[in-house]
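Visitor: Okay, handing you the structure first.
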Amino acid sequence: MKWLRRWQGLLSQKPLRLAFLGLVISFLVSFPFWASRYWVDVGFYVGLYALLGLGLNIILGEVGLFNLGHAAFWAIGAYTTAILNVRFGIPTLALLPISAVVAAGCAWLVSSPIIHLRGDYLCIVTIALGEIVRLVLINNPGGLTGGPNGVVGIARPVFLGHVIRTPMDFYFLVWAVVILCAIGLRQLQRSRLGRAWNYIREDEIAAEAMGVDVRALKLLAFVVGAALAGLAGNIFAAKMRMVSPDSFTFMESCLMFCIVLLGGMGSIPGTILGAALVVLFPEIFRPVAQYRLLFFGLALAATMYFRPGGLWPRRRTAEILVGQTER
Amino acid sequence: MKWIIGLSVVLALCGWAQPILVGFQGPLTGPWAVEGDWALKSVQIAVEIVNARGGILGRPVQLVVEDDGGTPKGGTLAAQKLIAAGVKFVVGTYGSMVCMPSSELYEEEGVVHINYGCTRVDLSARGFKYYFRTSGRDDSQARFFVEYVIPLFGAKRIAVMHDNTAYALGVAEDVLRFMKPLLDEGKVELVYYDAIMPGERDYTPALTALRDAKPDIWYYTGYYPEWALLLRQGKDLGLDWKKIKAVGSNACPISEAVKIAGLDAVVGAMITQEPLPAFLVEKYPLAKEFVEAYEAKYGPIHDSPWATYAADAIFTLAFAIEATRSLDPAVVAKYLRSGQVIGEGITGPLSFSPEGDRLGVPYMLLICTEEGKSALFDPAVHGHLVGM
Amino acid sequence: MRDEFILETQRITKRFRGLVAVDRFNIAVREQTIHSLIGPNGAGKTTVFNVITGIYRPEEGKVLFLGQVLNGLKPHEILARGIARTFQNPRLFRNMTCLENVMAGQHAHGRAGFWSSIFRLPHQRREERAIRERAEFWLRKLDLWRFRQELARNIPYGCQKLLELARALAAQPKVLLLDEPTCGLNETEKETMMNFIAELPKEGVTVLLVEHNMNVVMGLSDFITVMNYGKKIAEGVPEEIYNNPVVIEAYLGRGEGNALTS
Amino acid sequence: MLTFLQQLLNGLTIGSFYAFVALGYSLVYAILKLINFAHGDLFGLGAYIGYTVFVYAFGVVGTVLGLWGLLAAGFVAAALGTAAAGLIIERVAYRPIYPIGRLPAVVSALGMAIFLSNFIMAVWGPRYLAYQEHFIPTGFWQIGEFRIRVLQVLILLSSLVLLGILYLVVEKTTFGAAVRAVALDRETAALMGIDFLKVIRFAFAVGPALGAIAGVFVGMYYRQINFTMGWVYGLKAFTATILGGIGNIPGAMVGGVLLGLLEALTAGYISAAWKDVFVFAALMLMLIFRPTGLLGEKVAEKV
């Protein structure tokens, strides 16, 4: 596994990094033009889970808050889109920011009273939260969520007169959002707020003593993470054209948790890589049909065995801060 | 000259050996893996039967199996995978919410998609051209009760009882909906329509009201614990289950009711039930052949109606392709939509509405025999139990 | 008279499940001095620090800073008022670079918010540059420049102590609470640290020092407060304390007789 | 009143299951600070091993030892088999990883959970398997309309006895002292010459074994088992663990029983459909008002 580290070392040199970035982007852009529809759809799900992973990465990776209920915010985003579109006919794409805002608002409401909990206690509360959201959706309060049947008939999103319908359309939609979010998050990582998040993860007491408003910043992390999940929810609802509670199980939260750790806590490229693994593993093992999840489980454990720090951990020592000349 | 014959023989063999790909999409992993497993085995048996008879258009059928994990997301991936494999006919899947996004993909690609385990009513209301289902819909049971059970007994005074749970209320409301034309024409009369509270132990007040309404037939749409108590207490109250035909819904397995209420109270009571293969063998030859082949290979036949419908989806394809002598999905789909009976499958005659719904809802009426077993109701054999 | 004291506690009491760690404790620190707080192990010195910096809430008493009550404020608010601290065992952000560690000190002085950070607005860039330059200034000053891109957990222990001091100073505090700054250092490192601390009052930083090493205490302090069992037992200039029988008793009584003379 | 008593009894029975499973979480957590997500599926594995013994050894063991002998054989086999599986998982999936960090170990545990449930499906098939009547004690006592099943008494008694024994072992023996020392501070315990690996092995053998016993009981009580049961019970039992206070034995018991009662009573008196919502909400409220945070239980933390 040394080659991976060496490889990362190479990327700290600017020309190589730019070349690599160019390669990745040209691969991402050209992919749907030469891959089959099936693989384009797989690529879409990688993007979707990358978006979810990036959201959780803020909470878990940057701030170190154990959140095993992230699927709840995904569900809230998806149901916001579904209900507002089906009941009130608001265009699906216009609901993209609204879903994010609603998910973020819900995150703010529910995490305010629990944000002071530490470690595993926060973990269990978020599990409870995820389950409560799913169970409430199943129980169909006020006939709003359609119970186990969910909400169906979501309109296709329309972008500047172009109806987003093919796998390729959705692929570009989700990856555009992923890349925008990744850029934004990278800017945050290299800012006062991003550093403060990391201070909290490293040592909460020292961070507070150094003037970091721990509570406010933890809440901010939850809100931003949930907003990204809300975006993912909107795109997911638009792609499926329906939402139902069984898409947002505890297992999904666990998978997101795995994505962040497989990639490396607090690492944006790592998270995207982790999402690729979590989506690709079950697809690779398709030939063994009913045994594919068995191999998936083994693969998760094996990855942690070989790369306990994640596949692509963040390398701070090579990072360049604002206004700094490169060494 | 010889080599020309040889070549043509080889070509003919190749042509014959070129299999027809049929996709199977089902939950082979995840919480519904049981249904996926049964459906896959049933479909494999059906394919073996078809191939043993010489295949379709003289070509063997080859299954392409994809797992959807029982999730909508898995459904779209499995569907894309099947489409990418060049499959033009697909059998699948279990679960309406899994089916919904996948069927859109099949529709767009023009792949004939025959559904076996999805009962949501609105699945067939989307104006799709390639979507079919061999299973019934959520309202099939109510429809079966109104269109088959009521005429069977010539019942005029109808009683419907539910327990206010979503499921029971749904069935009861569907019964009213399908009965509306009959009520308007005055052919039947709704003499009792009320709910009981599940979990209570004493239902004598409700049963007294039922007795006073003097119904010919009493349909209970709730679950078996209450049904069993109702039967018992009704009997004790002096209600005659030969005069008032007691019919329960498919959530009222007879064996459980016998355990709770005792045989004397349940004998002659009936339930409406999805077609289970074990009860179909006497009625349809194909069912017999299917069950025998299945049991020879996998042991005792499952009791899932959905897996049985999955096998019927294979036969539907076989019949339709043979009849049209075409492998063009559009032609096959158009033929299936015609509404004519295309053949007799495991669950009876196969025909579809223009929306793709199964016609002639294949529900069945089971009765509790004197031995306390459930049996397919046959007026000649069981008539005396219900005073016919 | 009162206004001379920049930092004061009035009868603060802190209990842990019946154990009184700090008992009606008073201390008053004059501006631009080095004030030491000494006492045997478990006397409650660190608890006093934790009460002043808001990590613990006292059951009774008040903490006054520049005449204002600090009670009820959160640690980060107290830092923003101008009280910074170090910890007995360095609590660095171990998986971050030394530069980032020192930048932490200025978090409270930053203004850039969420959106301006995402879009790198001009004022955010200016602020980031200022934060970095200030951090670099302190790294240079404490001779840590060579470690600026190293992870904090990878540098020697002595440097970690200095790094923590740099982090606290980067917060531009009026009062600096130092919890055993020389503990665990070798002689040369101790020397550097002492010289550095001695300079602080001239730069306008008042120091409240908890220290076990009496050479350091006697060499640096302008004023000393001694506590034992959570109570103040003596206070005065170094010479007074050095000869105070109560203080000697407190140390000797606990079998640490060489503490004062070491 | 009568229904209340009946619900209480049901709640206690379910609570005993949770307590059994919660103990495994608690033991491992106390020692490694690791949430062993695979524990629920080990419980499922136990139910399947017990089933296999009952079905395939029925003829042989059943005739030699009678029904109770067969039951004992099933429980012992399930406990041993599952303990072995627990030890293997610890050796293969956790030991190489947990020195590096507990979060990677959580991912490994999730991987093992997915692996185990699918392993069960691969071996025993996805369909529900029925614990048949002839190897379940079916007797009951009828007091008026109140009915106590022999099986319920058996479950309650064995939970009290086994968990009591475990409690005594941990609290009163030298080895128990070692376990507690490791739970308190691993490094210091190692310096004191305590065999850390031995303590870990203890946790990974006893926890799953107790889980397996619960698995067999659940099979008997509900008459059916399937390969996803471990995940569902695991989540509930983990909740019980936290409810009672993670990392201590009486806590796991109290938490389990409390959760069982809460479930039975909300299902009986409020709404079965909203039962789990109430349970999880109660858990959240409890944690909000009794947080174990900076100034809570962890005051001892040196600042």
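The values are calculated or read from the model by the stated rules, or taken from the named source; none is laboratory data. Note that the structure is a prediction, hence the values are computed from the model and not measured. Backbone-built Cβ (ideal geometry, glycine too); neighbour counts: all protein chains shown.
Visitor: Just checking, which of C:LEU177, C:LEU144 is buried (at least 20 other Cβ atoms within 10 Å of the Cβ), within 26 Å of C:GLY44 (Cβ to Cβ) and either facing chain A (nearest Cβ under 9 Å) or aliphatic (A, V, I, L, M) (or both)? I'd like the intermediate steps shown before the answer.
Guide: On the way: C:LEU144 fails: within 26 Å of C:GLY44 (Cβ to Cβ).
One residue alone meets the criteria, C:LEU177.
Visitor: Sticking with this one: Hey, any hits in region A:219-236 for a residue that's modelled with pLDDT under 95, in contact with a helix residue (DSSP H, G or I) (Cβ under 6 Å, 6 or more places away or on another chain) and assigned to a helix (DSSP H, G or I)? Walk me through how you get there before you give the answer.
Guide: To start, the set of residues in region A:219-236 that are modelled with pLDDT under 95 comprises none.
No: region A:219-236 contains no residue that is modelled with pLDDT under 95, in contact with a helix residue (DSSP H, G or I) (Cβ under 6 Å, 6 or more places away or on another chain) and assigned to a helix (DSSP H, G or I).
Visitor: State all residues of region B:105-121 that are under 17 Å from the mean Cα position of the chain (by Cα) and of a type in the set (Ser, Thr, Tyr); if no residue qualifies, say none.
Guide: Answer for region B:105-121, where residues must be under 17 Å from the mean Cα position of the chain (by Cα) and of a type in the set (Ser, Thr, Tyr): B:TYR116, B:THR119.
Visitor: Please state which one of C:LEU66, C:LEU73, C:LEU121 is of a type in the set (A, V, I, L, M, F, W, C), more than 9 Å from chain A (Cβ to nearest Cβ), out of contact with any helix residue (DSSP H, G or I) (no Cβ under 6 Å at 6 or more places or on another chain) and buried (at least 17 other Cβ atoms within 10 Å of the Cβ). Give the derivation first.
Guide: On the way: C:LEU66 fails: buried (at least 17 other Cβ atoms within 10 Å of the Cβ); C:LEU121 fails: buried (at least 17 other Cβ atoms within 10 Å of the Cβ).
Checking each option against the conditions leaves just C:LEU73.
Visitor: Collect the residues in region C:31-59 that are of a type in the set (Lys, Arg) and away from every other protein chain (no Cβ under 11 Å), keeping them in residue-number order.
Guide: First, the residues of region C:31-59 that are of a type in the set (Lys, Arg): C:45, C:57.
C:LYS45 - this is the single residue of region C:31-59 that is of a type in the set (Lys, Arg) and away from every other protein chain (no Cβ under 11 Å).
Visitor: Let me ask something else. Within region A:165-178, how many residues are in a helix (DSSP H, G or I) and within 14 Å of another protein chain (Cβ to nearest Cβ)? Break it down stepwise before answering.
Guide: Going through region A:165-178, the residues in a helix (DSSP H, G or I) turn out to be A:167-178.
If we keep only those that are within 14 Å of another protein chain (Cβ to nearest Cβ) as well, we get A:167-171, A:174.
The qualifying residues number 6.
Visitor: Would you mind stating whether C:ARG24 is within 12 Å of chain D (Cβ to nearest Cβ) and either more than 24 Å from C:ILE248 (Cβ to Cβ) or surrounded by fewer than 18 Cβ atoms within 10 Å (Cβ to Cβ) (or both)?
Guide: Working: within 12 Å of chain D (Cβ to nearest Cβ): no; either more than 24 Å from C:ILE248 (Cβ to Cβ) or surrounded by fewer than 18 Cβ atoms within 10 Å (Cβ to Cβ) (or both): yes.
No.
Visitor: Against the conditions (1) within 14 Å of chain A (Cβ to nearest Cβ); (2) over 20 Å from C:ASN50 (Cβ atoms); (3) of a type outside the set (A, V, I, L, M, F, W, C); (4) buried (at least 18 other Cβ atoms within 10 Å of the Cβ), where does C:THR182 fall short? Just the number, please.
Guide: Result: C:THR182 fails condition (1) only.
Let's see how each residue does on (1) within 16 Å of D:ASP41 (Cβ to Cβ); (2) assigned to a helix (DSSP H, G or I); (3) in contact with a Cys (Cβ under 7 Å, 6 or more places away or on another chain); (4) more than 7 Å from every other protein chain (Cβ to nearest Cβ):
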| residue | (1), (2), (3), (4) |
| --- | --- |
| D:LEU103 | no, yes, no, no |
| D:VAL107 | yes, yes, yes, no |
| D:LEU110 | yes, yes, yes, no |
| D:PHE119 | yes, yes, no, no |
| D:PRO126 | yes, no, no, no |
| D:HIS134 | no, yes, no, yes |
| D:TRP141 | no, no, no, yes |
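Visitor: Then there is this: Considering every residue within region A:78-95, establish whether at least one is within 14 Å of another protein chain (Cβ to nearest Cβ), over 18 Å from the mean Cα position of the chain (by Cα), part of a helix (DSSP H, G or I) and surrounded by fewer than 22 Cβ atoms within 10 Å (Cβ to Cβ). So that I can check it myself, show each step before the final result.
Guide: Of all residues in region A:78-95, those within 14 Å of another protein chain (Cβ to nearest Cβ) come to A:78-79, A:82, A:86.
From what is left, the residues that are over 18 Å from the mean Cα position of the chain (by Cα) are A:82, A:86.
Checking the rest, the ones that are also part of a helix (DSSP H, G or I) come to A:82, A:86.
In the following step, the residues that additionally are surrounded by fewer than 22 Cβ atoms within 10 Å (Cβ to Cβ) were identified as A:86.
Checked against the condition, which is being within 14 Å of another protein chain (Cβ to nearest Cβ), over 18 Å from the mean Cα position of the chain (by Cα), part of a helix (DSSP H, G or I) and surrounded by fewer than 22 Cβ atoms within 10 Å (Cβ to Cβ), region A:78-95 yields at least one hit.
Visitor: Tell me which residues, restricted to region A:20-44, are more than 14 Å from chain B (Cβ to nearest Cβ) and within 17 Å of A:ILE179 (Cα to Cα). Break it down stepwise before answering.
Guide: Initial filter on region A:20-44 (more than 14 Å from chain B (Cβ to nearest Cβ)): A:20-31, A:33.
Answer for region A:20-44, where residues must be more than 14 Å from chain B (Cβ to nearest Cβ) and within 17 Å of A:ILE179 (Cα to Cα): A:PHE20, A:LEU21, A:GLY22, A:LEU23, A:VAL24, A:ILE25, A:SER26, A:PHE27, A:LEU28, A:VAL29, A:SER30, A:PHE31.
Visitor: Specify the residue that is surrounded by the most Cβ atoms within 10 Å (Cβ to Cβ); the eligible residues are those in region A:101-143 that are more than 9 Å from chain D (Cβ to nearest Cβ) and part of a loop (DSSP other than H, G, I, E, B).
Guide: Only one residue fits best here, namely A:ILE115.
Visitor: If A:PHE222 satisfies all but one of (1) within 14 Å of chain D (Cβ to nearest Cβ); (2) more than 24 Å from A:TRP175 (Cβ to Cβ), what's the number of the condition it fails?
Guide: It is condition (1) that A:PHE222 fails.
Visitor: Still on this structure, I have one more. Out of C:ALA112, C:ALA84, I need the residue that is buried (at least 18 other Cβ atoms within 10 Å of the Cβ), part of a strand (DSSP E or B) and within 14 Å of chain A (Cβ to nearest Cβ). Which one?
Guide: Working: C:ALA112 fails: part of a strand (DSSP E or B).
That would be C:ALA84, the only listed residue that is buried (at least 18 other Cβ atoms within 10 Å of the Cβ), part of a strand (DSSP E or B) and within 14 Å of chain A (Cβ to nearest Cβ).
Visitor: Can you tell me which residue in region B:83-94 is surrounded by the most Cβ atoms within 10 Å (Cβ to Cβ), limited to those that are outside any helix (DSSP H, G or I) and within 11 Å of another protein chain (Cβ to nearest Cβ)? Can you show your working first?
Guide: Of the residues in region B:83-94, the ones outside any helix (DSSP H, G or I) are B:85-94.
In the following step, the residues that additionally are within 11 Å of another protein chain (Cβ to nearest Cβ) were identified as B:85-86.
Working: B:ALA85: 13, B:GLY86: 10.
Taking the candidates together, the pick is B:ALA85.
Visitor: Assess whether C:LEU185 counts as being within 28 Å of C:ALA80 (Cβ to Cβ) and hydrophobic (A, V, I, L, M, F, W, C).
Guide: Working: within 28 Å of C:ALA80 (Cβ to Cβ): no; hydrophobic (A, V, I, L, M, F, W, C): yes.
Answer is no for this residue.
Visitor: Exactly one of these conditions fails for B:GLN80: (1) modelled with pLDDT of 90 or more; (2) touching an Asp or Glu at 6+ places or on another chain (Cβ under 8 Å); (3) crowded, with 24+ Cβ neighbours inside 10 Å; (4) not basic (Lys, Arg). Give me its number.
Guide: For B:GLN80, the failing item is (3).
Visitor: Of everything in region A:179-207 that's among the β-branched types (Val, Ile, Thr) and over 29 Å from A:PHE31 (Cβ atoms), which residue is farthest from the other protein chains (Cβ to nearest Cβ)?
Guide: In the first step, residues of region A:179-207 are kept if they are among the β-branched types (Val, Ile, Thr); the result is A:179, A:183, A:200, A:205.
Retained after the next criterion (residues that are over 29 Å from A:PHE31 (Cβ atoms)): A:200, A:205.
Working: A:ILE200: 9, A:ILE205: 6 Å.
Looking at the filtered set, the residue picked out is A:ILE200.
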